[in-house]
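Notes to accompany the following structure.
The values are calculated or read from the model by the stated rules, or taken from the named source; none is laboratory data. These figures come from a predicted structure and were not determined experimentally. Note: ideal-geometry Cβ built from the backbone for every residue, glycine included; neighbour counts use all protein chains shown. When the accessible area is computed, the model is the full protein with side chains, heavy atoms only, and any ligands, DNA or RNA have been set aside. Shrake-Rupley method; radii C 1.70, N 1.55, O 1.52, S 1.80 Å.
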Amino acid sequence: MKIYITDLEAYNNGYLVGEWIEFPMSEDEVSEAIKNVLFKGQKACNDNYLHEEVFITDYEADMNIKEYDNIYVLNEIAQALENFDEDELLKFKFLASQGYKERDIIENGLDTYDVEIYDFRNNTSFTDTFELLAMQFIDDGVYGVIPENLESYIDYEKIARDLRMDYCEFESRVIARTL
């Protein structure tokens, strides 16, 4: 996770002064990065105003970040995300995309959330992702045993339409829902 922090006072005076910081890092390093940006901002403005606030103007992360998110909390989240495997990271991204607060997800633990995730990123067909899910459900017998002579009559497009009511494609070719 990387964020670009900017000195607010310098920004309000027409100067874009900031720097990229990459998480996770120690709290002292976060404080030092913030102080460094504020010092550069005060120097750029060449004024006596107190530069005491930074905001986030850009980011590279697996979650949405707002301009006034707490930088120390973001660092804590990055520390937790570093220990997640691919499946846990997908679950985290899905929950965050559904409006769950990232810090709450980590504090509560991923196991407290019941989520179904279907990952079709390795499927290179041009088939709609929800149709792929419909095909998987048919193959898995979710709709019962379908006689071979009736398989050609299955309308995957309409099943996919219905699946869109319960599932969400939160990342390209990855579908999930909470239970």
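Scanning the stretch 44-99 for residues that are charged (D, E, K, R), in a loop (DSSP other than H, G, I, E, B) and either more than 27 Å from Gly14 (Cβ to Cβ) or touching a residue at least 12 places away in the same chain (Cβ under 8 Å) (or both) gives Asp47, Glu52, Glu53, Asp62, Glu67, Asp69, Glu82, Asp85.
If you go through the stretch 127-167 and keep only what is open to solvent by 60 Å² or more (accessible area, probe 1.4 Å) and assigned to a loop (DSSP other than H, G, I, E, B), you end up with Val142, Tyr143, Val145, Pro147, Asp155, Arg164, Met165, Asp166. For the stretch 1-20, a tally of residues being open to solvent by less than 60 Å² (accessible area, probe 1.4 Å) and free of Cβ contacts under 8 Å to residues at least 40 places away in the same chain returns 3. Leu179 falls short on exactly one of the conditions (1) open to solvent by less than 50 Å² (accessible area, probe 1.4 Å); (2) modelled with pLDDT under 95; (3) of a type in the set (A, V, I, L, M, F, W, C), and that condition is (1). For the stretch 107-120, does any single residue satisfy the condition of being open to solvent by 90 Å² or more (accessible area, probe 1.4 Å) and under 13 Å from the mean Cα position of the chain (by Cα)? So far as the stretch 107-120 goes, no, none of its residues is open to solvent by 90 Å² or more (accessible area, probe 1.4 Å) and under 13 Å from the mean Cα position of the chain (by Cα). Does Phe170 satisfy the criteria of being touching a Phe, Trp or Tyr at 6+ places or on another chain (Cβ under 6 Å) and in a helix (DSSP H, G or I)? No, not satisfied.
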